[in-house]
Each structure stands twice: as structure tokens, then as C-alpha cells.
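See structure below.
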Amino acid sequence: MSTVKITEEQLQLVEKLGLVFEGPGLQPAAARVAALLVVSDTLELTFDDIREILNLSKSATSNAINLLLNVHRIEYITKPGDRKRYFRSNLARWKNVMKEKFMDLEKTNSVLKEVVDQRTPATKEFNQSLEEMVSLMRFMNQQIPRLFKEWEKSKS
């Protein structure tokens, strides 16, 4: 039995945040695990804590944790003398995660630009839409670092 306490209000927040996390494509169980690790007052939870709090099967818990580890949404630590893994959210590293996402956006845009360059002229309307998307992504890649610096300045 888990010794981690979570209130009914926190469980409702886990559900609410889980639905938000599902939006970008996370599976429901993985979204709830990610949400739990943000909402819980205990920042590091074991496999059994997660499974019991969310009332998930062992396989659903394992699959969710592995997915979240693979996409770097969570990480784990170990403690000396304890064989358990303690999972925690990577949300505290959000700046690094966002920078990685921006780099991914840049890579995607680069490949899409290559696609635009090799497209047949026969699909003019589609090509124009694709070119607009590439243009917007290029613009975003130029503006986001500036916005981030402005935000950093505004904090001081």
C-alpha cells in the first residue's frame, strides 16, 4: 500500500492536467502518470506509488512509465541501499526541454523546406500551403529566442 497521500482535489487536477497532456498525443495512462508527477506534493514516486494512486494495472503503469522515459517527460533516480526507482517529472527542466523542442522544430522545418524544393509544380495550391508553413516555422524559429531573452529580462 502506498504511503503517499493525495487529496481528492489533487486527483481531480491529475485528471484535468492528464487531459491537457493527452492533447499533444500522449496515451491516457502516460498522460495521467505525467500529471501525477506534477501535481503530487511528493516529487519522487515509485512504480507502486504510481500504480496504486492511479489504479492502473502493472502493464499499463510500466508501459506509461517507459513511454514517458523515452520521450524525456520523466526521469528516475535511485537511492543508496534501496533497489526501487523513484520517478519524477522533468518539468523542473522545462527550459532545456523547450530548447530541445525548438531544435526539433528547426529540424522539421529544414526537412519540409527540402520537400518544398522537390515538389512537382503540378500541385501549386498544396505547394503554396507548404511554403507558407515553412515560412511561418522559419519566422517562429527566429522570434522564439528573442522572446525568451525578453522574458528572462522581465524577470530581473
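Inspect all residues belonging to segment 82-95 and state whether any of them is of a type in the set (A, V, I, L, M) and either modelled with pLDDT of 95 or more or over 30 Å from R146 (Cα atoms) (or both). Scanning segment 82-95 turns up no residue that is of a type in the set (A, V, I, L, M) and either modelled with pLDDT of 95 or more or over 30 Å from R146 (Cα atoms) (or both). Within segment 75-89, does at least one residue satisfy the condition of being under 30 Å from T46 (Cβ atoms), hydrophobic (A, V, I, L, M, F, W, C) and touching a helix residue (DSSP H, G or I) at 6+ places or on another chain (Cβ under 8 Å)? Among the residues of segment 75-89, at least one is under 30 Å from T46 (Cβ atoms), hydrophobic (A, V, I, L, M, F, W, C) and touching a helix residue (DSSP H, G or I) at 6+ places or on another chain (Cβ under 8 Å), which makes the answer yes.
If only residues of segment 6-18 that are hydrophobic (A, V, I, L, M, F, W, C) and either exposed (fewer than 13 other Cβ atoms within 10 Å of the Cβ) or touching a Lys or Arg at 6+ places or on another chain (Cβ under 9 Å) (or both) are counted, the one that is nearest to T61 (Cα to Cα) is V14. Of all residues in segment 48-97, those satisfying the criterion of being part of a helix (DSSP H, G or I) and of a type in the set (G, A, S) are S59, A60, S62, A64, A92.
The sole residue among A29, A34 that is in contact with a helix residue (DSSP H, G or I) (Cβ under 7 Å, 6 or more places away or on another chain), of a type in the set (A, V, I, L, M), touching a residue at least 40 places away in the same chain (Cβ under 8 Å) and in the same structural domain as N63 (by TED's automatic domain parsing) is A34.
Here T3 meets the list (1) among the β-branched types (V, I, T); (2) surrounded by fewer than 19 Cβ atoms within 10 Å (Cβ to Cβ); (3) under 20 Å from the mean Cα position of the chain (by Cα) almost entirely, failing just condition (3).
Listed by first and then second residue, the pairs with beta-carbon distance under 6 Å, at least 6 apart or on different chains, first residue in segment 129-156 and closer than 15 Å to T108 by Cβ, second surrounded by 10 or more Cβ atoms within 10 Å (Cβ to Cβ) and of a type in the set (F, W, Y), are I144/F102. Report whether or not V97 is out of contact with any His (no Cβ under 6 Å at 6 or more places or on another chain) and either over 30 Å from L43 (Cβ atoms) or not hydrophobic (A, V, I, L, M, F, W, C) (or both). No: the conditions fail for V97.
The values are calculated or read from the model by the stated rules, or taken from the named source; none is laboratory data. Keep in mind that this is a model prediction, so the values were computed, not measured. Cβ coordinates were reconstructed from backbone atoms using ideal geometry, including for glycine residues, and neighbour counts include every protein chain displayed.
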